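I have placed the structure first, in the form of structure tokens, so that the comments after it can refer back to it.
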Amino acid sequence: MERLKQAIRTKGNVLSNEVLKVDTFLNHQVDVELMGAVGEEFARLFKDSEITKILTIESSGIAPSFMASARLAAPLIFARKKKSLTMNDNVFVSKVYSFTKRETNDITVSKDFLTSEDRVLIIDDFLANGQAALGLIDIVEQAGATVAGLGIVIEKSFQDGRKLIEEKGYRIESLARIHSLENGHVTFVDELVT
Ligand code: 5GP
């Protein structure tokens, strides 16, 4: 998605060969217009997939999921990273190792919101080593629901996430695929000269 790639080029900050900071439009301050366009694009890509629920993870997955949920007329559920006081034990739980925080957390989703009838589109802000996505897939599988696909805003294609998810046979649509962050420079997969 060209508009997203342009935002990454002009507003992204390469912190290291592995980490991209995009807190001017996605991870802290939110560019609602751009995130609306991102959600619109997910809705377009998955319009024929009979999506009944969108599942993301708090907090950065929520903004890009909003418009997709509206356009696909499918409720948006966000997995919680900390169990809420109002949540009882009626939850699906999965363990997720966080790439950026270097710690393992339980993520939870109430059993009230996913059933075996559901066809779920999983959305997240980044795909790195795939741990967050695999945790969300695990929750959908625990519910006996169907993973209809994954929508990723920014994929770091030099890490293992895509491979792990494709090995499970799921469709992934990433709106920006980064080949490398080396030397402080963002190179996208579709810019590679072969
Ligand atoms: P994974 O579970 O695929 O290893 O990492 C995905 C999660 O880690 C994303 O939900 C995102 O919050 C965070 N993450 C991974 N890589 C980056 C990065 O380069 N920049 C930012 N801002 N977050 C990242």
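The values are calculated or read from the model by the stated rules, or taken from the named source; none is laboratory data. It should be emphasised that the depicted structure is a prediction, and the values quoted were computed from it without experimental measurement. For neighbour counting, all protein chains shown are included, and Cβ atoms are generated from backbone atoms with ideal geometry for every residue, glycine included.
Under 8 Å between Cβ atoms, at least 6 apart or on separate chains: pull out the pairs that start in the range 87-107 with a residue that is within 23 Å of residue 21 (Cα to Cα) and within 11 Å of the ligand (Cβ to nearest atom) and end on any residue that is in a strand (DSSP E or B) and among the acidic types (Asp, Glu).
So the pair list comes out as 96/106; 97/103.
Under 9 Å between Cβ atoms, which residue pairs at least 6 apart in sequence (or on different chains) link something in the range 125-136 that is on the phi > 0 side of the Ramachandran plot with a partner that is at pLDDT 95 or above and within 6 Å of the ligand (Cβ to nearest atom)?
From residues that are on the phi > 0 side of the Ramachandran plot, the pairs are 130/161.
On the basis of being farther than 17 Å from residue 146 by Cβ and aromatic (Phe, Trp, Tyr), does residue 113 make the cut?
For residue 113, the condition - farther than 17 Å from residue 146 by Cβ and aromatic (Phe, Trp, Tyr) - is not met.
Can you tell me which condition residue 97 does not meet? The list is (1) part of a loop (DSSP other than H, G, I, E, B); (2) surrounded by fewer than 16 Cβ atoms within 10 Å (Cβ to Cβ), and all the others hold.
The number of the failed condition is (1).
Based on what the data block shows, is residue 116 surrounded by fewer than 23 Cβ atoms within 10 Å (Cβ to Cβ), part of a loop (DSSP other than H, G, I, E, B) and among the polar types (S, T, N, Q)?
Here the answer is yes, as residue 116 does meet what is asked.
Mind listing just one residue for me: the one in the range 171-194 that is in contact with a helix residue (DSSP H, G or I) (Cβ under 7 Å, 6 or more places away or on another chain) and without any contact (Cβ under 8 Å) to a residue 40 or more places away in the chain and, of those, surrounded by the most Cβ atoms within 10 Å (Cβ to Cβ)?
Going through the qualifying residues, I end up with 177.
Taking the residues in the range 39-83 that are in a strand (DSSP E or B) and in contact (Cβ under 8 Å) with a residue 60 or more places away in the chain as candidates, determine which candidate is surrounded by the most Cβ atoms within 10 Å (Cβ to Cβ).
In this case the residue turns out to be 55.
Starting from residues that are within 21 Å of residue 116 (Cα to Cα) and β-branched (Val, Ile, Thr), keep the ones in the range 141-164 and report whichever is surrounded by the fewest Cβ atoms within 10 Å (Cβ to Cβ).
Filtering first and then ranking leaves 146.
Please specify each residue of the range 38-56 satisfying the condition of being touching a helix residue (DSSP H, G or I) at 6+ places or on another chain (Cβ under 6 Å) and among the aliphatic types (A, V, I, L, M).
38, 43, 51, 54, 55
Conditions tested, residue by residue: (1) within 25 Å of residue 19 (Cα to Cα); (2) assigned to a strand (DSSP E or B); (3) among the aromatic types (Phe, Trp, Tyr).
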position	(1), (2), (3)
136	yes, no, no
141	no, no, no
144	no, no, no
154	yes, yes, no
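Being more than 11 Å from the ligand (Cβ to nearest atom) and crowded, with 21+ Cβ neighbours inside 10 Å is the filter here; which residues of the range 123-140 pass it?
137, 139, 140
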